[in-house]
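Q: Sharing a structure below in structure tokens format, with a few things to ask.
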Amino acid sequence: MLGRIRFGVYELDREAMELRKHGALIRLQEQPLQVLTALVERPGEIVTREELQERIWGKDTFVDFDQSLNKAVNRLREAL
């Protein structure tokens with residue numbers, strides 16, 4: 001399931017966990033990249049907050065999930 005996903009001018013390399021725009025590397029932290037990966041793997045579908053929480057943070061991780069997810073999404077929006 002690993003590999004590259006292209007969308008618009010972007011390319012997400014899921015194995016290397018790198019995002020590129022027109023071939024230029026865009027620096028992103030791990031959590032925003034994981035959010036992006038979850039979204040591009042399911043185009044046109046709804047990915048719930050609960051699914052993201054379980055996938056990225058796991059059930060046994062105790063963080064302020066809402067704040068962490070909001071930060072990750074905001075960083076992703078800035079990068080894109």
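The values are calculated or read from the model by the stated rules, or taken from the named source; none is laboratory data. Everything numeric in this text was worked out from a predicted model, so none of it was measured. Glycine also receives a Cβ, built like all others from the backbone with ideal geometry; neighbour counts cover every protein chain displayed. The protein model used for the area step is the full one, side chains on, heavy atoms only, and it has no ligands, DNA or RNA in it. Shrake-Rupley method; radii C 1.70, N 1.55, O 1.52, S 1.80 Å.
Q: Relative to the Cα centre, what is the charge dipole magnitude of the chain, using +1 at the beta carbon of each Lys and Arg, -1 at the beta carbon of each Asp and Glu, and rounding to the nearest 20 debye?
A: In total the dipole reaches around 360 debye.
Q: In Å², and per residue, what accessible area does the chain have when probed at 1.4 Å with the other protein chains present?
A: Using a 1.4 Å probe on heavy atoms only, each residue of the chain averages 71 Å².
Q: Once the Cα atoms of helix 65-79 and of the chain are each reduced to a long axis, what angle between those two axes, in degrees from 0 to 90 to the nearest 10, is obtained?
A: 10
Q: Binned at 5 Å from 0, what are the whole-percent values of the Cα-Cα distance distribution for the chain, short to long?
A: Bin by bin from 0 Å, the calculated values are 3, 14, 27, 25, 19, 9, 3, 0.
Q: Could you give the angle, 0 to 90 degrees to the nearest 10, between helix 30-40's Cα long axis and the longest principal axis of the Cα atoms of the chain?
A: Relative to the chain, helix 30-40 is tipped by roughly 70 degrees.
Q: At 1.4 Å probe size, with the rest of the protein present, what percent of the exposed accessible area of the chain is carbon and sulfur atoms?
A: Taking all protein chains in place, the chain shows 47 percent carbon and sulfur surface.
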